[in-house]
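Student: Below is a structure I'd like to ask you about.
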Amino acid sequence: MGEIKVSPDYNWFRSTVPLKKIIVDDDDSKIWSLYDAGPRNIRCPLIFLPPVSGTADVFFRQILALTGWGYRVIALQYPVYWDHLEFCDGFRKLLDHLQLDKVHLFGASLGGFLAQKFAEYTHKSPRVHSLILCNSFSDTSIFNQTWTANSFWLMPSFMLKKIVLGNFSSGPVDPMMADAIDFMVDRLESLGQSELASRLTLNCQNSYVEPHKIRDIPVTIMDVFDQSALSTEAKEEMYKLYPNARRAHLKTGGNFPYLCRSAEVNLYVQIHLLQFHGTKYAAIDPSMVSAEELEVQKGGLSISQEEQ
């Protein structure tokens, strides 16, 4: 198995897009790892935030496709942060370092929760222009682990990996989903004890999103109809929280649709970003957008403004 790891696409990605390491905190051990690809003149790129088990390269299929279409895309891997406020402060410093005033965020699972918390944290001086939330949640209490959140730091690595693997699909899955799971298990193996413990702490620490602080941000909720780590209740809660959000449903895809259903995910990402074409918050190089597309976009904008 491990087809993805030896695929030509993945090897092409690793050989053409450099992994950068950036320190923005006073603590030198807190290192952000990121892939930054696409036109550098774009000041409002799309940033991908991974789940507990993921590293920055789990989004390689989005990076390859979207940069090919002219988008600037950044995929991140978090340093070790033990609470949401510390993460938000570190992420704000990273955006300052990258000289990015506003960004679009795509968050998968924990990444989606952190994206919402960051949008909430910066609501007075907004840094998040839009959100794509993939298999994500708005309240950590759904995992019923808030009571153990403070003890993850004590647990050995193998125990933490067992907790994460418990959420992976165990039933029969199609070959592409099986490859995605294998790849994520491999990525999980590459994470150290403190990285895993801190992510699980962020995932389970008692916290919820305050929707009134981020209600003006355009949101797309992306989820799957087959088996995933999220309960139906958690999904329904997200729909209630963002009644005006666009919904991007995938029939199948499990926990990692960005790996095993990348064509569909990439299409939904494009549809989400289309609403910003022709504005200063476009994530795409203007020269890659056709004149007709811009006309349609402007027409759509004027219609929606009239409706409001």
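The values are calculated or read from the model by the stated rules, or taken from the named source; none is laboratory data. Quick caveat: nothing in here was measured; it's all calculated off a predicted structure. Glycine also receives a Cβ, built like all others from the backbone with ideal geometry; neighbour counts cover every protein chain displayed. Note: areas computed on protein heavy atoms with side chains; ligands, DNA, RNA excluded. Shrake-Rupley method; radii C 1.70, N 1.55, O 1.52, S 1.80 Å.
Student: How many residues, within segment 206-231, are more than 29 Å from Gly166 (Cβ to Cβ) and open to solvent by 20 Å² or more (accessible area, probe 1.4 Å)?
Tutor: 8
Student: Hey, another quick one. Quick one: Lys213 ticks every box in (1) over 30 Å from Asn244 (Cα atoms); (2) modelled with pLDDT of 90 or more bar one, so which box is it?
Tutor: (1)
Student: Another question, if that's okay. Quick check on Ala248: is it open to solvent by less than 60 Å² (accessible area, probe 1.4 Å), of a type outside the set (Val, Ile, Thr) and in contact with a Pro (Cβ under 8 Å, 6 or more places away or on another chain)?
Tutor: Values: open to solvent by less than 60 Å² (accessible area, probe 1.4 Å): yes; of a type outside the set (Val, Ile, Thr): yes; in contact with a Pro (Cβ under 8 Å, 6 or more places away or on another chain): no.
In short, no.
Student: The conditions are (1) small (Gly, Ala, Ser); (2) over 20 Å from the mean Cα position of the chain (by Cα); (3) part of a loop (DSSP other than H, G, I, E, B), and Ser136 fails exactly one of them. Which is it?
Tutor: (2)
Student: A further question on this structure: Within segment 228-241, take every residue that is free of Cβ contacts under 8 Å to residues at least 60 places away in the same chain and not charged (D, E, K, R) and give me the one that is nearest to Ala180 (Cα to Cα). It would help to see each step written out before you state the result.
Tutor: Quick first cut of segment 228-241, residues free of Cβ contacts under 8 Å to residues at least 60 places away in the same chain only: 232, 235-236, 239-240.
Those left that are additionally not charged (D, E, K, R): 232, 239.
Values: Thr232: 22, Tyr239: 27 Å.
Among them, the one singled out is Thr232.
Student: Scan segment 88-96 and tell me whether some residue there is touching a residue at least 60 places away in the same chain (Cβ under 8 Å) and of a type in the set (Phe, Trp, Tyr).
Tutor: Taking every residue of segment 88-96 in turn, none turns out to be touching a residue at least 60 places away in the same chain (Cβ under 8 Å) and of a type in the set (Phe, Trp, Tyr).
Results for (1) exposed (fewer than 12 other Cβ atoms within 10 Å of the Cβ); (2) modelled with pLDDT of 85 or more; (3) among the aliphatic types (A, V, I, L, M); (4) closer than 22 Å to Leu49 by Cβ, shown as yes or no for each residue.
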| position | (1), (2), (3), (4) |
| --- | --- |
| His129 | no, yes, no, yes |
| Ile132 | no, yes, yes, yes |
| Thr148 | no, no, no, no |
| Leu165 | no, yes, yes, yes |
| Ser169 | no, no, no, yes |
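Student: For segment 116-123, state whether one or more residues are assigned to a helix (DSSP H, G or I), modelled with pLDDT of 95 or more and of a type in the set (S, T, N, Q).
Tutor: Yes, the conditions are met somewhere in segment 116-123.
Student: In segment 254-294, how many residues are open to solvent by 50 Å² or more (accessible area, probe 1.4 Å) and either touching a helix residue (DSSP H, G or I) at 6+ places or on another chain (Cβ under 6 Å) or within 17 Å of Gly107 (Cβ to Cβ) (or both)?
Tutor: The number of residues fulfilling the criteria is 2.
Student: Quick test of your reading of the structure: Leu64 fulfils all but one of (1) over 15 Å from Leu259 (Cβ atoms); (2) in contact (Cβ under 8 Å) with a residue 40 or more places away in the chain; (3) of a type in the set (A, V, I, L, M, F, W, C). Name the failing condition by number.
Tutor: Here Leu64 meets the rest and fails (1).
Student: Conditions: (1) assigned to a loop (DSSP other than H, G, I, E, B); (2) over 15 Å from Arg127 (Cα atoms); (3) among the aliphatic types (A, V, I, L, M). Ala75 meets all but one. Number of the miss?
Tutor: Among (1) assigned to a loop (DSSP other than H, G, I, E, B); (2) over 15 Å from Arg127 (Cα atoms); (3) among the aliphatic types (A, V, I, L, M), Ala75 violates only (1).
Student: I'm trying to understand the selection: among the residues of segment 271-306, which are modelled with pLDDT of 90 or more and in a helix (DSSP H, G or I)?
Tutor: Correct list: Ile271, His272, Leu273, Leu274.
Student: Can we say Pro156 is modelled with pLDDT under 90 and not acidic (Asp, Glu)? Show your work before the answer.
Tutor: Working: modelled with pLDDT under 90: no; not acidic (Asp, Glu): yes.
Criteria not met by Pro156.
Student: Sticking with this structure for a sec: Take segment 90-113 and flag every residue that is buried (at least 16 other Cβ atoms within 10 Å of the Cβ) and charged (D, E, K, R). Let's see the steps before the verdict.
Tutor: First, the residues of segment 90-113 that are buried (at least 16 other Cβ atoms within 10 Å of the Cβ): 90-95, 98, 100, 102-113.
Arg92, Lys93, Lys102, listed by residue number.
Student: Taking the options Ile4, Ile47, name whichever one is under 19 Å from the mean Cα position of the chain (by Cα), on the phi < 0 side of the Ramachandran plot, open to solvent by less than 80 Å² (accessible area, probe 1.4 Å) and among the hydrophobic types (A, V, I, L, M, F, W, C).
Tutor: Unique residue meeting the criteria: Ile47.
Student: Working carefully through the options Ser15, Ser53, Ser29, find the one that is hydroxyl-bearing (Ser, Thr, Tyr) and outside any loop (DSSP other than H, G, I, E, B).
Tutor: From the options Ser15, Ser53, Ser29, the qualifying one is Ser15.
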